[in-house]
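Chemist: Before we start, here is the structure in question, set down as structure tokens.
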């Protein structure tokens, strides 16, 4: 702390307003100058104050890239993070979630709090007089807020959502939800628009993660696609169009976080056998360990290893459809033949087992045992809500329709 002394001279001028038409004031103004005593202003030396970072985890992030981004240079903190508990926390870093870091000006970590996937718990390291202390704790009571955003496609979906301030996790869910209607690898056009209403989870005033998408609209090539979240008859959340057509029992064209297609369905030169062979699925390039999700409700038909597929899962769905997921690095714990799976459940993780030159997911959709192009096949849709359920649905989702209309600056007719 340092003190700064200041001596001020206060000048006071006594005057009166001159009315219009008067040449001068009725008396001579007098200037009075009075010297004040010293005034001490206390100014805090900010050189030792740390920086506080609230960082969203980006796809492909590691502790090293995060440290570089926040200007941290702390071997002692790195050593603590490389202990078993810290390594487990690093393996659970997921894009879209948030971490909180307090960093001294010299790069030393004062504290770092990492989110643990699948829970609201956090892993924290903190600098104390005795050194770095690590701990895991349950998150304090969090608050759920509803946030509303919209944007316009200029080049890519993720570029547009970044510009609109939408977390990557919500952008990924948008691609999943509308994946049965829009092929995001080829159908997007400059000028396409989207609006989204979603949950954001706040901990002590800081956004720590996102929740569900409650409603969304995507205008692709002039055609509007709208979905509303509603709890279906078996108690599960499901997405429906405004006229009550369900989407959740359709197939996801992208059974993992939206990524680049590295090989399409059809004939190609096999990258290992170097011969012309039929490619019976779509390959999605993704980092090893990326979660793979069930494309639709179904039953596990096969889980194990099959020649060139490596580790593979085959799910049986209604209407003689099957989906297959190959080259996996691992299966989700407890997965077995006959297990019932819901759309979106994580069933395995991207790998490079079998005949693969690098980590990716080989994804197949089979109809009556015959592979079809997952990007082009006409997929089955859910049955629409019955008359009574439709009345309930429209009543319960009217507020979501209103929110979308507010984002789009349009008037809506309320349901009676």
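Chemist: Can you tell me which residues in the stretch 303-317 are assigned to a strand (DSSP E or B) and surrounded by 15 or more Cβ atoms within 10 Å (Cβ to Cβ)? Give the derivation first.
Modeler: Initially, the stretch 303-317 is screened for residues assigned to a strand (DSSP E or B), giving 303-306, 310-316.
Correct list: 303, 310, 311, 312, 313, 314, 315, 316.
Chemist: Okay, next question. Take the residues in the stretch 243-271 that are buried (at least 17 other Cβ atoms within 10 Å of the Cβ) and within 30 Å of residue 395 (Cα to Cα); name whichever of them is modelled with the highest pLDDT.
Modeler: Here the answer is 244.
Chemist: So in the stretch 113-127, with the set limited to residues that are out of contact with any helix residue (DSSP H, G or I) (no Cβ under 7 Å at 6 or more places or on another chain) and in a strand (DSSP E or B), which one is surrounded by the most Cβ atoms within 10 Å (Cβ to Cβ)?
Modeler: We begin by selecting, within the stretch 113-127, every residue out of contact with any helix residue (DSSP H, G or I) (no Cβ under 7 Å at 6 or more places or on another chain); these are 113, 115, 117-122, 124, 126-127.
Filter again for in a strand (DSSP E or B), leaving 113, 115, 122, 124, 126-127.
Details: 113: 21, 115: 24, 122: 21, 124: 16, 126: 16, 127: 19.
Checking each candidate, the answer is 115.
Chemist: Using the structure shown, decide if residue 179 is modelled with pLDDT under 90 and surrounded by fewer than 20 Cβ atoms within 10 Å (Cβ to Cβ). Spell out how you get there, then give the answer.
Modeler: On the way: modelled with pLDDT under 90: yes; surrounded by fewer than 20 Cβ atoms within 10 Å (Cβ to Cβ): no.
No; evaluated as a whole, the condition is false for this residue.
Chemist: Might you let me know whether the stretch 82-89 holds any residue that is under 21 Å from the mean Cα position of the chain (by Cα), assigned to a strand (DSSP E or B) and free of Cβ contacts under 8 Å to residues at least 60 places away in the same chain?
Modeler: Within the stretch 82-89, not a single residue is under 21 Å from the mean Cα position of the chain (by Cα), assigned to a strand (DSSP E or B) and free of Cβ contacts under 8 Å to residues at least 60 places away in the same chain.
Chemist: Would you check if there is a residue in the stretch 319-331 being part of a loop (DSSP other than H, G, I, E, B), more than 18 Å from residue 283 (Cα to Cα) and not assigned by TED's automatic domain parsing to the domain that holds residue 180?
Modeler: Step one: of the stretch 319-331, the residues part of a loop (DSSP other than H, G, I, E, B) are 329.
Remaining after also requiring more than 18 Å from residue 283 (Cα to Cα): none.
Checking the stretch 319-331: not a single residue is part of a loop (DSSP other than H, G, I, E, B), more than 18 Å from residue 283 (Cα to Cα) and not assigned by TED's automatic domain parsing to the domain that holds residue 180.
The values are calculated or read from the model by the stated rules, or taken from the named source; none is laboratory data. These numbers come from a predicted model, not from an experiment. Positions of Cβ are backbone-derived with ideal geometry, glycine not excepted, and every protein chain shown enters the neighbour counts.
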